[in-house]
1. I need to check one value: relative contact order of the stretch 49-92, counting alpha carbon pairs closer than 8 Å and at least 6 residues apart, in percent.
2. If we count other beta carbons within 10 Å of each Cβ, what is the order of 113, 259, 107, fewest first?
3. Which order results if 159, 356 are arranged by neighbouring Cβ count within 10 Å, fewest first?
4. For the chain, find the longest principal axis of its Cα atoms and tell me its angle to the long axis of helix 373-389, 0 to 90°, nearest 10.
5. Can you grab the distance from the C-alpha centre of the stretch 117-161 to the C-alpha centre of the stretch 265-327, Å, no decimals?
6. Give me the base-10 log of I(q)/I(0) for the chain at each q in 0.07, 0.08, 0.09 Å⁻¹, Debye formula, one uniform scatterer per Cα, rounded to two decimals.
7. Rg to Rh for the stretch 203-366: what is it, with Cα atoms only and Rh by Kirkwood?
8. What three numbers, in Å, describe the spread of the alpha carbons of the stretch 18-149 along their principal axes, ordered from the longest?
Ligand SMILES: [Zn+2]
């Protein structure tokens with residue numbers, strides 16, 4: 001505990017720890033909480049009472065007795081709050097909603113071409129309203145809407161600094177909020193997808209680099225809390241934090257140069273990873289249909305097999321660089337990540353050839369959530385923020 005922490009802060013911390021403990025169990029009891037968290041019985045009793053009257057914890061019967069009086073079973077209330085996430089892309093909008101249980105309760109993807117016009121933002125508000133109504137999400141329980149965007153987002157000011165993919169700059173959250181009756185928060189799409197990976201795959205608390213291979217290449221750096229360098233960084237969960245950089249531009253892995261004097265990237269530089277490993281490199285061979293690329297390669301199209309081999313070779317350079325920088329797990333996500341599963345063994349061998357340390361290539365793996373990971377992460381972040389305030 002930090003020096004100078006006063007009793008009110010201790011109480012707040014204990015309240016949050018107790019809620020998180022209850023929330024991590026399907027059901028538990030006050031003696032169990034007391035033992036697990038080393039907090040006195042009377043303090044647990046007082047705090048559980050408060051959490052019950054706040055509606056976030058409830059009694060759910062009695063635990064099986066091991067002799068003596070049966071303890072009351074308590075559990076967290078999962079549907080006390082909901083959050084919706086949206087993923088705005090050039091041609092689609094994705095929706096996901098979740099509750100405190102953190103499962104994606106529904107995901108949808110709707111074709112909608114982005115236009116920087118008032119009517120577009122109004123239509124997005126209408127689509128969101130229809131999604132909420134169709135899924136009967138109680139409006140009064142919606143904590144907020146997370147909006148994932150393919151660009152640099154200043155999370156403090158809640159504005160999109162710029163998006164090459166959407167062709168816009170300096171767009172505030174208010175553009176969306178004007179047509180959405182819930183609090184709105186903007187997030188970078190790769191950061192949002194990394195949140196999904198962090199929260200959902202229940203990996204042991206550790207550092208992680210997420211590499212998003214979509215129509216642009218981006219990423220995110222997540223580190224375990226003991227490495228937190230200052231207190232201004234927004235936490236993702238009680239265990240992990242995302243490194244955002246000084247200007248909200250961390251994780252722009254797409255513009256790491258992998259071939260000096262190589263292909264020209266849209267950013268103007270030569271040889272950027274994005275120019276070689278964006279999903280467009282593959283999808284554009286099939287009119288934007290990435291699945292068709294993989295289907296045709298699998299059915300024996302030799303030209304595609306060679307293109308894929310080159311793609312993996314370039315990706316291995318980048319992944320090895322990330323490993324050298326961060327010395328942690330590297331997760332492949334985004335559109336291409338969704339198709340990587342059958343090829344990951346081969347890719348790990350390519351990564352292992354470059355690894356100058358022990359351990360081979362098993363530090364790189366495929367993302368676990370393959371459906372609307374960015375929209376899902378944007379929703380999860382709203383839920384994590386709610387939990388951190390309990
Ligand atoms: Zn570039």
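1. Numbers: 38 pairs, mean separation 13.9, N = 44.
Averaging sequence separation for qualifying contacts and normalising by length gives 32 percent for the stretch 49-92.
2. On the way: 113 10, 259 14, 107 19.
Ordered from fewest to most neighbouring Cβ atoms within 10 Å, 113, 259, 107 come out as 113, 259, 107.
3. Details: 159 19, 356 7.
Neighbour counts put them in this order, fewest first: 356, 159.
4. Roughly 30 degrees, rounded to the nearest 10.
5. Result: 31 Å between the Cα centres.
6. -0.36, -0.47, -0.59
7. Details: Rg = 16.4 Å, Rh = 16.7 Å.
Rg/Rh for the stretch 203-366 comes to 0.99.
8. Here the Cα extents, ordered largest to smallest, are 66, 23, 22 Å.
Just so you know, all these numbers are worked out from the coordinates, no wet-lab data involved. If you're wondering where the values come from, they're calculated on a predicted model, not measured in any experiment. Cβ coordinates were reconstructed from backbone atoms using ideal geometry, including for glycine residues, and neighbour counts include every protein chain displayed.
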